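> Here it is: the structure, laid out below.
The values are calculated or read from the model by the stated rules, or taken from the named source; none is laboratory data. Quick caveat: nothing in here was measured; it's all calculated off a predicted structure. Using ideal geometry, Cβ is built from the backbone for each residue, glycine included, and neighbour counts are taken over all protein chains shown. When the accessible area is computed, the model is the full protein with side chains, heavy atoms only, and any ligands, DNA or RNA have been set aside. Shrake-Rupley method; radii C 1.70, N 1.55, O 1.52, S 1.80 Å.
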Amino acid sequence: MRALLLAALAALQGAAAPAPVATPAPITPEPARILASYPHDTSAFTEGLLIDRGTLYESTGREGQSDIRRVDLTSGRVLARAKLPPALFGEGIVAWRNDLFSVTWHGGQGFRWSLPALKRSGGFRYDGEGWAMTEDGRNLILSDGTPVLRYLDPKTQKVVRRLTVTLGGRPLERLNELEYVDGEILANIWMTRYIVRIDPADGHVRGVIDLAPLIAQVGTTDRDSVPNGIAYDRAAHKLYVTGKNWPRLFEIARPQRPS
């Protein structure tokens, strides 16, 4: 199963399938178990999702349509929104104390917004692309589509650490939306139905969550309407996922930590 998964991810990344790698134990994708579902705005091209102090926030992409929203979880109703400049493609978000940081796909332009009002309060710069963000209680963590996650100092937004993510001993690309959950980094793999569970100590993939049960319920046929969006309510211990232009947001069972 590990070899098949590696080959599938490699094919989606446009690369040749890697040779089988000897590993201590195979990774069998774990089907996501749906606990509940809620309405989700089908016009939202979801790039980032998070819950801060019980409140759901979402960022959306595409030039001229990108915004950051405060959303009522149970109804899907947008309670407040902040528009990005029309030339920018919005990407991931992360909450840090009373601020929300957001990044954009190209140009290295990041923004800071006040919480919960979503009033722009500043900006910052970074090299390369911005895909998604999360935080581990000490640093912000940024993905850019490569196998390397960058850890940023929340005060200066300077890189303080780099973590290379590997699956079966090989670097894993297309790391997209991120969420830090129970000592692991969860990441959507863009253009696949998988969420990988990353060990933050050394970057190896501990497990794989298969979102096929959710995709079956959504029923979308649009190639771009892929899973993207992971939010964890740390107080309630609830995990939520959605996708680009999906009609539903799902609560799924939290993955069990390996013993």
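> Need at least 3 residues that are under 24 Å from GLU58 (Cβ atoms) and among the aliphatic types (A, V, I, L, M) per element, so show me which strands (runs of 3 or more DSSP E) inside the range 138-193 make the cut, counting only ones lying wholly within it. First the steps, then the outcome.
On the way: elements: 140-143, 148-152, 159-164, 175-181, 184-189.
Those strands (runs of 3 or more DSSP E) span 140-143, 175-181, 184-189.
> Select, from GLU173, GLU177, the only residue that is out of contact with any strand residue (DSSP E or B) (no Cβ under 8 Å at 6 or more places or on another chain) and closer than 26 Å to ASP127 by Cβ.
GLU173
> So for the range 117-127 (the condition being of a type in the set (S, T, N, Q) and modelled with pLDDT of 95 or more), does at least one residue qualify? Explain how you work it out, then say what you get.
Going residue by residue through the range 117-127, those that are of a type in the set (S, T, N, Q) are 121.
Still in the list and also modelled with pLDDT of 95 or more: none.
No: zero hits.
> Going through LEU88, LEU56 one at a time, which residue ends up being open to solvent by less than 50 Å² (accessible area, probe 1.4 Å) and either in contact with a Pro (Cβ under 9 Å, 6 or more places away or on another chain) or in a loop (DSSP other than H, G, I, E, B) (or both)? Lay out the reasoning, then the answer.
Values: LEU56 fails: either in contact with a Pro (Cβ under 9 Å, 6 or more places away or on another chain) or in a loop (DSSP other than H, G, I, E, B) (or both).
Result of the check over LEU88, LEU56: LEU88.
> Specify the residue that is farthest from ALA82 (Cα to Cα); the eligible residues are those in the range 92-114 that are open to solvent by less than 10 Å² (accessible area, probe 1.4 Å) and among the small types (Gly, Ala, Ser).
Among them, the one singled out is GLY108.
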